[in-house]
1. With the checklist (1) assigned to a loop (DSSP other than H, G, I, E, B); (2) modelled with pLDDT of 95 or more; (3) touching a helix residue (DSSP H, G or I) at 6+ places or on another chain (Cβ under 7 Å) in hand, flag the one item residue 122 doesn't pass.
2. State yes or no: is residue 51 within 17 Å of the chain's Cα centre (by Cα), touching a residue at least 12 places away in the same chain (Cβ under 8 Å), surrounded by 20 or more Cβ atoms within 10 Å (Cβ to Cβ) and closer than 30 Å to residue 161 by Cβ?
3. Would the stretch 15-22 turn up any residue that is under 20 Å from residue 67 (Cα atoms) and without any contact (Cβ under 8 Å) to a residue 40 or more places away in the chain?
4. Determine, yes or no, whether residue 119 is closer than 22 Å to residue 81 by Cα and surrounded by 12 or more Cβ atoms within 10 Å (Cβ to Cβ).
5. Tell me, please, whether a residue that is out of contact with any helix residue (DSSP H, G or I) (no Cβ under 6 Å at 6 or more places or on another chain), surrounded by 15 or more Cβ atoms within 10 Å (Cβ to Cβ), in contact (Cβ under 8 Å) with a residue 24 or more places away in the chain and closer than 25 Å to residue 32 by Cβ can be found in the stretch 97-111.
6. Return the residues of the stretch 145-170 that are in contact with a helix residue (DSSP H, G or I) (Cβ under 8 Å, 6 or more places away or on another chain), over 24 Å from residue 39 (Cα atoms) and at pLDDT below 90; say none if nothing qualifies.
7. Just checking, does the stretch 126-144 include any residue being assigned to a loop (DSSP other than H, G, I, E, B) and farther than 30 Å from residue 34 by Cβ?
8. When you check residue 158 against the structure, is it in a helix (DSSP H, G or I) and either under 19 Å from the mean Cα position of the chain (by Cα) or more than 20 Å from residue 2 (Cβ to Cβ) (or both), yes or no?
C-alpha cells in the first residue's frame, strides 16, 4: 500500500467508495431524521449523496485530497483542510474500502495527512464524526491514530412544515 496525491483519474473510484462507505450512515440518518428532512439534506438520494459531496470537494480543491492505493487500485481516500494562519488542520471525509481485505488503510491515511500538516506548520489537527453507532468504527480509528481530546456536540433538526410560530404578544 502507498499514499499519493489525488489525481483526476481517481474521481469515480472515490465517489463510489464514499457512497459505499456512507451506506449505513445514511440509513441511520434517515431513520433518525425521517424522510422529509433526509430528502432535503440529500436531494440526490441516500445512495449517491455522499459521493456527490466528495465529487464537489475534489473538483473544487483536488490539492486537499490523498488516496491510498494497493497494486494500482484505490483502496481509500482522505480529504483535509489547512488554515496556516490559525495553525489548524482538519481531516474531512475519508473512507477505506472494507472489501479490499487490507488492514491499516485508515491509519496509513491519517499518518500521511498528519505528517503533511506538521510539514506545513500546522499545530493542531482535528476531525469531526458522529456519536451514533454508525460512526463507532470511525471514532475508534481516530483514537488509534492519536486523537486524544474531544468536545461533544449535538445537531438538532426541525421540519419547518410542522412549525407553528407562537402568537406574538400585542
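The values are calculated or read from the model by the stated rules, or taken from the named source; none is laboratory data. Being a predicted model, the structure only gives us computed values, none of them experimental. No Cβ is skipped: glycine too gets one built from the backbone with ideal geometry, and neighbour counts run over all protein chains shown.
1. Residue 122 satisfies all of (1) assigned to a loop (DSSP other than H, G, I, E, B); (2) modelled with pLDDT of 95 or more; (3) touching a helix residue (DSSP H, G or I) at 6+ places or on another chain (Cβ under 7 Å) except (3).
2. Numbers: within 17 Å of the chain's Cα centre (by Cα): yes; touching a residue at least 12 places away in the same chain (Cβ under 8 Å): yes; surrounded by 20 or more Cβ atoms within 10 Å (Cβ to Cβ): yes; closer than 30 Å to residue 161 by Cβ: yes.
Yes; evaluated as a whole, the condition is true for this residue.
3. Of the stretch 15-22, the ones under 20 Å from residue 67 (Cα atoms) are 15-22.
Pick out the ones that are also without any contact (Cβ under 8 Å) to a residue 40 or more places away in the chain and you get 16, 19.
The answer is yes; a qualifying residue exists.
4. Values: closer than 22 Å to residue 81 by Cα: yes; surrounded by 12 or more Cβ atoms within 10 Å (Cβ to Cβ): no.
It is false that residue 119 is closer than 22 Å to residue 81 by Cα and surrounded by 12 or more Cβ atoms within 10 Å (Cβ to Cβ).
5. No, that holds for no residue.
6. none
7. From the stretch 126-144, those assigned to a loop (DSSP other than H, G, I, E, B) are 128-132; that's our starting set.
If we keep only those that are farther than 30 Å from residue 34 by Cβ too, we end up with none.
There is no residue in the stretch 126-144 that is assigned to a loop (DSSP other than H, G, I, E, B) and farther than 30 Å from residue 34 by Cβ.
8. Numbers: in a helix (DSSP H, G or I): no; either under 19 Å from the mean Cα position of the chain (by Cα) or more than 20 Å from residue 2 (Cβ to Cβ) (or both): yes.
In short, no.
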